[in-house]
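This is the structure, below, for whatever I ask next.
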Amino acid sequence: MGKILITGGAGFIGSNLTEYFLNKGYEVVCLDNFSTGHRHNIEAFLKNPNYKLIEGSICDLETCKEAVENVDYVLHQAALGSVPRSINDPITSNEVNVSGFLNMLVAARDAKVKRFVYAASSSTYGDSASLPKVEEVIGKPLSPYAITKYVNELYADVFSKTYGIECIGLRYFNVFGRRQDPNGTYAAVIPLFVKQLMNHQSPKINGTGDYSRDFTYIDNVIQMNELAMLTDNPEAINTVYNTAVGDRTTLNDLVHYIKKYLSEYDEQISNIEVIHGPNRVGDIPHSLASIEKAQNLLGYNPSHTIENGLKEAITWYWENLK
């Protein structure tokens with residue numbers, strides 16, 4: 001089947017990719033320093049003979065070189081996410097997301113891996129007002145985090161042209177699903193709202209709630225990683241793709257769905273009021289992806305909408321957070 005290195009493999013997306021590819025018979029190496037990932041995400045894999053954990057940071061080149069030994073594919077998920085985190089500490093975000101990314105590219109190049117698939121970000125669209133977002137039209141970044149993810153794309157492009165390494169970037173749009181951490185200062189909006197409502201606390205929406213996002217269920221992201229990793233279409237390589245559903249949901253509608261599905265487990269949740277606060281610095285008002293490029297070049301067909309993805313995610317949270 002082949003051997004895959006998943007950086008950030010103990011994180012939300014990385015652990016889901018690990019589970020999927022182990023189940024398909026691949027050997028999987030996980031590189032993680034547990035700065036944002038969790039050991040409980042990978043506990044089930046530790047006894048699998050096809051699984052190897054390397055505890056270390058992508059900021060250390062020697063660790064990266066060790067991790068890519070005899071690897072066929074790299075799925076690079078390791079990063080410090082969160083726009084607010086990058087605004088509070090731009091230096092660390094740059095060190096991990098740019099210098100760490102460059103370390104991984106150099107290590108993958110030297111090890112002659114078949115393909116380097118990496119997590120890019122919808123934040124790259126910046127202040128571009130056009131909807132839907134099309135891969136070739138971007139604006140100026142609105143946060144240090146967005147700058148780091150755009151620099152990743154530039155480095156990948158240069159490495160593909162200069163050294164011949166095959167690179168594909170996946171611009172993730174608001175990914176959610178099982179194992180996404182509801183705790184911590186920089187928790188994503190869906191697990192945070194779910195946790196608050198389960199605890200009978202009022203979720204706080206930044207702004208009026210009219211801002212919208214292309215919320216993307218984890219299974220769609222897994223599909224895109226597999227398609228990018230295995231495509232033999234020469235036109236599909238050395239480029240970037242929106243990884244999304246191609247539909248947008250306002251924050252008000254999002255809370256409505258979450259309350260609706262959680263109320264099936266606890267009727268009191270339907271009566272919890274929502275709090276509104278100020279808009280968050282660095283946030284764009286609306287995000288909606290065109291997925292035509294991924295459909296045409298990779299054969300992408302999202303399996304989950306926001307609604308059926310939320311149903312599955314909320315079932316997982318109810319069973320694992322109670």
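The values are calculated or read from the model by the stated rules, or taken from the named source; none is laboratory data. Computed from a predicted model, the values in this text were never measured in an experiment. No Cβ is skipped: glycine too gets one built from the backbone with ideal geometry, and neighbour counts run over all protein chains shown. Protein only, heavy atoms only, side chains kept; ligands, DNA and RNA dropped before computing areas. Shrake-Rupley method; radii C 1.70, N 1.55, O 1.52, S 1.80 Å.
Return the only residue of 261, 265 being of a type outside the set (A, V, I, L, M, F, W, C), in contact with a helix residue (DSSP H, G or I) (Cβ under 7 Å, 6 or more places away or on another chain) and surrounded by 15 or more Cβ atoms within 10 Å (Cβ to Cβ).
On the way: 265 fails: surrounded by 15 or more Cβ atoms within 10 Å (Cβ to Cβ).
Testing whether each residue is of a type outside the set (A, V, I, L, M, F, W, C), in contact with a helix residue (DSSP H, G or I) (Cβ under 7 Å, 6 or more places away or on another chain) and surrounded by 15 or more Cβ atoms within 10 Å (Cβ to Cβ) leaves just 261.
Considering each residue of region 1-59, count those that are assigned to a strand (DSSP E or B) and either closer than 16 Å to residue 71 by Cα or open to solvent by less than 40 Å² (accessible area, probe 1.4 Å) (or both), and give that number.
Residues of region 1-59 assigned to a strand (DSSP E or B): 3-7, 27-32, 51-55.
Applying the additional criterion that residues be either closer than 16 Å to residue 71 by Cα or open to solvent by less than 40 Å² (accessible area, probe 1.4 Å) (or both) yields 3-7, 27-32, 51-54.
The qualifying residues number 15.
When you go through 301, 308, 296, 320 one by one, which is the residue that is in a loop (DSSP other than H, G, I, E, B) and among the polar types (S, T, N, Q)?
On the way: 308 fails: in a loop (DSSP other than H, G, I, E, B); 296 fails: in a loop (DSSP other than H, G, I, E, B); 320 fails: in a loop (DSSP other than H, G, I, E, B).
None of the other options fit; the residue is 301.
Contact list please: Cβ distance under 8 Å, first residue in region 247-266 and free of Cβ contacts under 8 Å to residues at least 60 places away in the same chain and under 14 Å from residue 191 (Cα atoms), second residue open to solvent by less than 10 Å² (accessible area, probe 1.4 Å) and among the aliphatic types (A, V, I, L, M), pairs at least six apart or on different chains.
257/310; 261/310; 261/314
Of all residues being in a strand (DSSP E or B) and open to solvent by less than 10 Å² (accessible area, probe 1.4 Å) in region 206-216, which is farthest from residue 277 (Cα to Cα)? Just the residue, please.
The first filter runs over region 206-216 and keeps only residues in a strand (DSSP E or B), leaving 206, 212-213, 216.
Add one more test, that the residue is open to solvent by less than 10 Å² (accessible area, probe 1.4 Å), and what stays is 212, 216.
Details: 212: 16, 216: 25 Å.
Top of the filtered list is 216.
Return only the number of the condition from (1) at pLDDT below 95; (2) buried (at least 18 other Cβ atoms within 10 Å of the Cβ); (3) in contact with a Pro (Cβ under 9 Å, 6 or more places away or on another chain) that residue 203 does not satisfy.
(3)
What's the total number of residues in region 222-258 that are assigned to a loop (DSSP other than H, G, I, E, B), open to solvent by 50 Å² or more (accessible area, probe 1.4 Å) and closer than 26 Å to residue 207 by Cβ? Break it down stepwise before answering.
Step one: of region 222-258, the residues assigned to a loop (DSSP other than H, G, I, E, B) are 231-233, 237-238, 244-248.
Next, from what is left, pick out any that are open to solvent by 50 Å² or more (accessible area, probe 1.4 Å): 232, 238, 247-248.
With closer than 26 Å to residue 207 by Cβ added as a condition, the list becomes 247-248.
Here the count works out to 2.
Regarding region 72-86, can at least one residue be identified that is farther than 26 Å from residue 150 by Cβ and open to solvent by 10 Å² or more (accessible area, probe 1.4 Å)?
Taking region 72-86 first, the residues farther than 26 Å from residue 150 by Cβ are 72.
Applying the additional criterion that residues be open to solvent by 10 Å² or more (accessible area, probe 1.4 Å) yields 72.
Yes - at least one qualifying residue is present in region 72-86.
Follow-up. Output the residues belonging to region 179-194 that are at negative phi and buried (at least 21 other Cβ atoms within 10 Å of the Cβ).
Step one: filter region 179-194 for residues at negative phi, giving 180-183, 185-194.
Residues satisfying the conditions are 180, 190, 191, 193, 194.
Does residue 156 meet the test of being at pLDDT 95 or above, outside any helix (DSSP H, G or I) and buried (at least 19 other Cβ atoms within 10 Å of the Cβ)? Talk me through it step by step, then tell me what you get.
Values: at pLDDT 95 or above: yes; outside any helix (DSSP H, G or I): no; buried (at least 19 other Cβ atoms within 10 Å of the Cβ): yes.
No: the conditions fail for residue 156.
Still on this model: Could you give every pair whose Cβ atoms fall below 7 Å, whose first residue belongs to region 302-322 and is over 12 Å from residue 254 (Cα atoms), and whose second residue is open to solvent by 70 Å² or more (accessible area, probe 1.4 Å), counting only separations of at least 6 or pairs across chains?
Pairs found: 305/247; 318/265.
Read through the list (1) within 29 Å of residue 226 (Cβ to Cβ); (2) touching a residue at least 12 places away in the same chain (Cβ under 8 Å), then give the number of the only condition that residue 296 fails.
(2)
State yes or no: is residue 219 in a helix (DSSP H, G or I) and closer than 16 Å to residue 172 by Cα? Please lay out each step first, then the result.
Numbers: in a helix (DSSP H, G or I): yes; closer than 16 Å to residue 172 by Cα: yes.
Criteria met by residue 219.
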